[in-house]
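The values are calculated or read from the model by the stated rules, or taken from the named source; none is laboratory data. This one's a predicted model, so the numbers in the text were calculated from it and none came from an experiment. Don't worry about glycine lacking a Cβ; one is built from the backbone with ideal geometry, like all the others, and counts go over all protein chains shown. Accessible surface areas use protein heavy atoms only, side chains included; no ligands, DNA or RNA. Shrake-Rupley method; radii C 1.70, N 1.55, O 1.52, S 1.80 Å.
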Amino acid sequence: MKLGIVGLPNVGKSTLFNAITNSKAQSENYPFCTIEPNVGVVCVPDKRLDVLSKMHNSKKTVPAVIEFVDIAGLVKGASKGEGLGNKFLSNIREVDAIVHVVRCFDNENIVHVDGSVNPIRDIETINLELIFADMESVDKHIERVKKLLKGDKKYQTDLNMFEKIKAALESGRLANTVELSDDEKDIMRSVQLLTNKPVIYACNVSDSDIGGSNNYVELVEKYAMENGSEVLTICAQVEQEISELDDDEKKMFLEELGFESSGLDRLVNKCYSLLNLISYITSGEMETKAWTITKGTRAPQAAGKIHSDFERGFIRAEVVSYDALTECGSMAVAREKGLVRSEGKEYVVQDGDVVLFRFNV
C-alpha cells in the first residue's frame with residue numbers, strides 16, 4: 001500500500017513525514033527505511049504478530065507495511081508546473097490514497113503561504129490543482145475514446161463516463177463524488193484520476209489541542225463528512241518527538257498524554273481501514289508474517305499474495321481464527337478441539353485468520 005502525503009507549505013507536512021521516517025519499526029526484518037529521499041516504509045501495528053511469534057518461537061516477525069511518499073511543492077499553479085508541480089502531481093497518481101495535511105493551529109512565528117490560517121481554503125487550493133490536472137487527463141481520455149468509438153460502439157460507455165466526470169470537474173467537484181454505474185466503476189479502476197483517490201485529512205494541531213478539537217478541526221470534519229473523506233487529528237511536532245523515543249519512553253509519554261497509541265499508529269490503521277484492507281497471518285518456526293488483502297478476497301487469491309504457485313496449485317486452506325488459536329495456546333490443541341477448519345476455493349479469508357495453504361504445482 002502506498003500513501004501520498006500532500007499539503008501546502010508550512011502546514012506541518014514535512015514534520016509529519018519526518019516523524020514517519022524517524023519511527024522505529026516493530027521488526028528488524030522491516031526496520032524503517034527511506035527508499036528515496038521522499039519515500040519511507042513503516043509497519044502496520046499488529047500486536048497479534050508478537051503473540052503468535054512467541055507461541056511458535058518464530059525466527060522472524062514480519063508485519064504488513066505501508067509506503068509513505070512525501071509529495072512536496074503543491075502550491076497554486078501546481079497543475080501548470082508551479083513549484084515543480086507536474087512532477088509531484090505525477091507522484092500522486094501512483095498512490096492508493098492521499099493523506100492531506102491541513103494546518104489547524106495558530107502560530108505567528110510560522111508564516112502561512114496565504115497570510116492567514118484557513119483550513120477549508122487550503123484544502124480547496126490543493127483540490128483545485130488536482131481538479132485542473134484531472135481535467136487535462138480526462139480530455140486526453142475523451143479524445144482517445146472518440147477515436148476508438150468509430151471502430152467499436154462498445155466504447156460509448158467509456159465516453160459517457162468520461163464526459164460525466166468532465167462535467168463534474170468543470171463545476172469544481174471531485175471525481176469521487178460522481179455516481180457511476182457498475183460498468184463505469186470497472187472502467188474507472190484503470191484510470192488514475194487524482195480526485196478519485198480516497199482522502200484522509202490530517203488536521204495538524206498545536207500540542208495544547210492534543211486529544212481535543214478546535215474550530216479549525218470542526219470545519220475540516222464538516223467538510224470531510226460532506227465529501228466522504230476521513231479525518232484524523234494529530235500534532236506533527238509531538239509525533240516527531242515520540243518517534244525519537246525508545247519503546248519504554250514512548251509508552252510512558254503516551255500514557256501521560258492519555259493515549260494507547262501514537263498518532264502515527266492511528267494514521268496507519270485509519271489508512272488500512274479507508275482502503276478496505278485486512279491482514280491474514282501465516283505463523284511457524286521460520287517466521288510469523290502478516291499478509292495484506294482486500295476484504296472479500298477468496299482463499300486462492302489470498303494464497304497468491306505469498307506466491308503465484310500457491311494460487312495456481314491451490315488445494316485447500318487450513319484455517320483457525322487468531323482468537324481461537326491463542327485461547328488454545330497451540331495449533332496442536334486447536335486441531336484436537338476441531339477448531340482448525342479445512343476451507344476450499346470459495347472461502348473468503350477473514351481478518352486475523354491464521355492460515356496454512358496446501359497446494360500442488
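Here are some notes:
- 12 Å Cα-Cα reach of Lys185 towards aspartates and glutamates, excluding residues that sit fewer than 8 places from it in its own chain: Asp158
- Convex hull of Cα atoms in segment 269-330, direction-averaged projection (nm²): 5.2
- A helix-only calculation puts the chain at -12500 deg cm²/dmol for mean residue ellipticity at 222 nm, using -39500 (n - 2.57) for each DSSP H run of at least four residues, averaged over all residues.
- With kT/(6 pi eta Rh) evaluated at 37 °C and eta = 0.692 mPa s, and Rh the Kirkwood radius from Cα pairs, segment 209-336 diffuses with a coefficient of 178 µm²/s according to Stokes-Einstein.
- If only the Cβ of Lys and Arg carry +1 and only the Cβ of Asp and Glu carry -1, the dipole of the chain around its Cα centre is close to 1680 debye.
- Per residue, the chain exposes an accessible area of 51 Å² to a 1.4 Å probe, with every protein chain left in place.
- Rounded to the nearest Hz, the phi-derived 3J(HN,Hα) couplings of segment 329-345 under the Karplus curve 6.51 cos²θ - 1.76 cosθ + 1.60 (θ = phi - 60°) are x, 6, 5, 4, 5, 4, 5, 4, 7, x, 8, 8, 9, 9, 10, x, 5, where x marks glycine and proline.
- In segment 129-194, Rg over Rh equals 0.95, where Rg is the alpha-carbon radius of gyration and Rh the Kirkwood radius from pairwise Cα distances.
- Pairs from the list Lys150/Lys305; Lys222/Lys251; Lys54/Lys305; Lys250/Lys289; Lys54/Lys197; Lys2/Lys250 with a Cα-Cα gap above 30 Å: Lys150/Lys305; Lys222/Lys251; Lys54/Lys197.
- Carbon/sulfur fraction of accessible area - segment 269-333, other protein chains in place, 1.4 Å, %: 47
- Sequence-ordered 3J(HN,Hα) estimates for segment 302-313 from the Karplus curve with 6.51, -1.76 and 1.60 and θ = phi - 60° stand at 5, 4, x, 5, 7, 6, 4, 5, 5, 6, 5, x Hz, glycine and proline given as x.
- With all pairs of different C-alpha atoms in the average, the Kirkwood value for the hydrodynamic radius of the chain is 22.6 Å.
- For Val145, the accessible area of its heavy atoms, probed at 1.4 Å with every protein chain present, is near 0 square angstrom.
- DSSP beta bridges confined to the chain are antiparallel in about 55 percent of cases.
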